[in-house]
1. Would you calculate, for the chain, the mean residue ellipticity at 222 nm contributed by helices, counting each DSSP H stretch of 4 or more residues as -39,500 (n - 2.57) and dividing by all residues, to the nearest 500?
2. Can you give the extra length, in nm with one decimal, that the chain gains between residue 68 and residue 165 once fully stretched, where that is 0.36 nm per residue apart less the Cα-Cα distance?
3. Relative contact order of the chain: what whole-number percent is it, with Cα pairs under 8 angstrom and at least 6 residues apart?
4. Per the Kirkwood formula on distinct C-alpha pairs, the Rh of region 21-102 is how many angstrom?
5. Evaluate the relative contact order of region 346-404 (contact order divided by residue number), counting alpha-carbon pairs under 8 angstrom at least 6 apart; express in whole percent.
6. Output needed for the chain: three equivalent-ellipsoid semi-axes, defined as square roots of 5 times the C-alpha gyration tensor eigenvalues, in descending order, whole Å.
7. For region 259-319 and region 144-192, compute the distance between their C-alpha centroids and round to whole Å.
8. Could you work out the relative contact order of region 212-286? I mean the mean sequence separation of Cα pairs under 8 Å and 6+ apart, divided by the number of residues, in percent.
């Protein structure tokens, strides 16, 4: 009799689990934003060979897919132009209906604390921004701080409408970026996925095998110190906080990081590897726009911070479809968390509007070093985005030149058209130039858009 009871209980258990429910990653939830005018991938899990039928309300068509022997399904669905709200029905043995879905532009916001920094942290005019933050056409998805030793297939969280309550805890840079996009794109819905962690080096956001298989990157990664506030091991945040997003169609990535790599002589290579690896996983060369770190006094090291700024500048030349904004004029040298996040978000948005959306023909970049030409005892420095060059204080003291001995001296600098002419009585045969070359240096060279020039050193 006892055995019969056990068999009966087992039968009940098995009968209740014979059909596994269709389930979705948390990324697909009510209130989400899907990328417009494209094909998006929707995926989830169900019983092997179970048929899953997806029906979006924007066209009422049925899209059918059989679940694989790995209990996973994924399907491409065409999306219309911006609009909503819509519903999506996902039906197998059970049915899930996702509601209040918008079609628009999706951006991932990632990096360390300056990207994570919200109005709650204390940004400029934060209270006013929070008060005016009600906007149902901006949606947020926040990823909690998580690590994993292997790539994960899901992450906790759900999509939320932008309200004063949700905005004040979300990336301020991301919010102001979305707000500016909407002004220009005529209220196209914007979805932001925030995946950031204060105090983290770039290596933890990069697939571990990318670091392990490159001797230079691995050696550099080993110098990242263990910290109480976050991981330093390659791939740990990537596995848990980025990999679960792979395949989710987006317009691009916003990145704000670098302070935790100060001291690295190969940040340009590390950062390039991160961008390239993400694009390879998503299988397209999405725009990657980032913020150059601000001037700050990094202990006794006078050049660790500026070396990172220069590395970030070099990535622009090495990796296509990237863009960089500067913050030297909107930050103070005694705060590693500059409070003016509104300007940061707007500058990133202006980059996207010019380069991705092609709706903005304004000058959106500060002057960028292009090359040098030597004429006897003078050096002529050429810049891109150099229209209307001017010195903030009528005279610059931030240009230095050196001869073959590599000893730098301050140069007399004079603007001539889109170039700067340099010379010094102490350097008879100049061959090298550096500009704004100090951790705390705030650029004094601007263009007609009142955007500052990036620090640089000639190789």
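1. On the way: 11 runs with 105 residues, N = 459.
Helix-only estimate at 222 nm: -6500 deg cm²/dmol.
2. Full-extension gain reported as 30.8 nm.
3. Relative contact order here is 12 percent.
4. Details: mean 1/r = 0.0788 Å⁻¹.
So the Kirkwood estimate lands at 12.7 Å.
5. Relative contact order for region 346-404 comes out at 21 percent.
6. 48, 24, 19
7. Each part reduced to its Cα centre gives a spacing of 23 Å.
8. Once divided by the residue count of region 212-286, the mean separation gives 36 percent.
Read the figures in this text as sums done on the coordinates, not as results from a lab. Computed from a predicted model, the values in this text were never measured in an experiment. Every residue, glycine among them, receives a Cβ derived from its backbone with ideal geometry; neighbour counts consider all protein chains shown.
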